[in-house]
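The values are calculated or read from the model by the stated rules, or taken from the named source; none is laboratory data. Only a predicted model underlies this, so the values are computations on that prediction, with no experimental measurement involved. Cβ placement follows ideal geometry from the backbone for every residue including glycine, while neighbour counts extend to all protein chains displayed.
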Amino acid sequence: MAILIDAKTRVLVQGATGREGSTHTASMLNYGTKILAGVTPNRGGSTVSGVPIYDLVSEAVESHPEINTSIVFVPASAAPEAVYEAIDAGIKLIIIVTERIPIHDTINLVAHAERKGAKIIGPNCPGVITPEVAKVGIMPAHLFKKGRVGIVSRSGTLTYEVAWALTRSGFGQSTAVGIGGDPVVGLGFVDVVQMFEADPETDAIVVIGEIGGDAEERLAAYIRRQGLAKPIVAYIAGRSAPKGKRMGHAGAIISLGSGSAEEKRAALIDAGVNVAELPSQIPILLKKAIQRRA
């Protein structure tokens, strides 16, 4: 079953003819993802790795009505318009890899998606992978293995590191979701954890957070209110980051004394979540958490 993407996922690539779009279109196809079309204005009629390119999303959807997912590689200046186009064409899952989209544009995009019944992942995210089934994103697929642990993360590179640590320890993954590192994103930790809780093919959950914002604190509050039936382990990156200094991601900044790694760790521990000190400890804590729930 998995969450978000599975064998029934049919993909449109927006910005398919650019350097990133064309490279990752080929990679996703090689993984077995069903990509039906691409869109780049004024490039209609061409192809990328055998995928037909259209000028407009509406044209692509009319020719390929099975499309249910879009991945966006469009530059930041044009990305909001591209996402609106996908939403208004009826596509229900839109994964935005593009970074540096202004926050106010993301707020408006997310609100419009909610009105139209669509889900947005990102922006500034690596995408989603259901190992050995489909990849809609930029992650190195060889690090992932089919299994029953769900991963949700704010950090792309840490997603890869943790997935590889899990794989080497014998823990395959049901689905891994990179929600993005910007201050405002579409689906958040709570949304994805709820999906994993309801997924019969996910037995345990790994959350990868980082400094800045309050996404981890909101997840902790949700767990305190609702509880979780499945074992959960978390890791928070950025413990040594100085306050007030932006660290990589647009959302990774500690301001006014809040958003620190220690605050996030404390909130999650208070909610009963197992929190690792290092990424390499995640498989160990996960095994213990699963044994306790058995």
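For region 128-146, state whether one or more residues are at pLDDT below 95, under 10 Å from the mean Cα position of the chain (by Cα) and within 27 Å of Ile103 (Cβ to Cβ).
Here is the first cut: in region 128-146, the residues at pLDDT below 95 are none.
The answer is no, given that none of the residues of region 128-146 is at pLDDT below 95, under 10 Å from the mean Cα position of the chain (by Cα) and within 27 Å of Ile103 (Cβ to Cβ).
Restricting to region 81-96, what's the tally of residues that are in contact with a Pro (Cβ under 8 Å, 6 or more places away or on another chain) and farther than 20 Å from Ile5 by Cβ? It would help to see each step written out before you state the result.
Taking region 81-96 and keeping what is in contact with a Pro (Cβ under 8 Å, 6 or more places away or on another chain), we get 96.
Now restrict to residues that are farther than 20 Å from Ile5 by Cβ: none.
Number satisfying all stated conditions: 0.
So which of Ser22, Ser58 is over 25 Å from Thr175 (Cα atoms), over 19 Å from the mean Cα position of the chain (by Cα) and part of a helix (DSSP H, G or I)? Even if it seems obvious, please write down each step before you answer.
Numbers: Ser22 fails: over 25 Å from Thr175 (Cα atoms).
Within the list Ser22, Ser58, the selection yields Ser58.
For region 213-236, name all the residues that are closer than 20 Å to Val184 by Cβ and not acidic (Asp, Glu).
The first filter runs over region 213-236 and keeps only residues closer than 20 Å to Val184 by Cβ, leaving 213-222, 236.
Answer for region 213-236, where residues must be closer than 20 Å to Val184 by Cβ and not acidic (Asp, Glu): Gly213, Ala215, Arg218, Leu219, Ala220, Ala221, Tyr222, Ile236.
Here is a yes/no grid of residues against (1) part of a strand (DSSP E or B); (2) at pLDDT 95 or above; (3) of a type outside the set (Val, Ile, Thr); (4) surrounded by 23 or more Cβ atoms within 10 Å (Cβ to Cβ):
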residue	(1), (2), (3), (4)
Pro41	no, yes, yes, no
Glu62	no, yes, yes, no
Ile67	no, yes, no, yes
Ile71	yes, yes, no, yes
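Would you mind listing the helices (runs of 4 or more DSSP H) fully within region 93-207 where at least 2 residues are surrounded by fewer than 20 Cβ atoms within 10 Å (Cβ to Cβ), in contact (Cβ under 8 Å) with a residue 24 or more places away in the chain and assigned by TED's automatic domain parsing to the domain that holds Ile71?
By residue number, 103-116.
Would you check which residues across region 8-28 are within 19 Å of Pro65 (Cα to Cα) and surrounded by fewer than 24 Cβ atoms within 10 Å (Cβ to Cβ) and list them?
Scanning region 8-28 gives Lys8, Thr9, Arg10.
Condition test on Gly251, is it modelled with pLDDT under 95, surrounded by fewer than 23 Cβ atoms within 10 Å (Cβ to Cβ) and touching a Pro at 6+ places or on another chain (Cβ under 8 Å)?
Considered against the rule, which asks whether it is modelled with pLDDT under 95, surrounded by fewer than 23 Cβ atoms within 10 Å (Cβ to Cβ) and touching a Pro at 6+ places or on another chain (Cβ under 8 Å), Gly251 comes out as yes.
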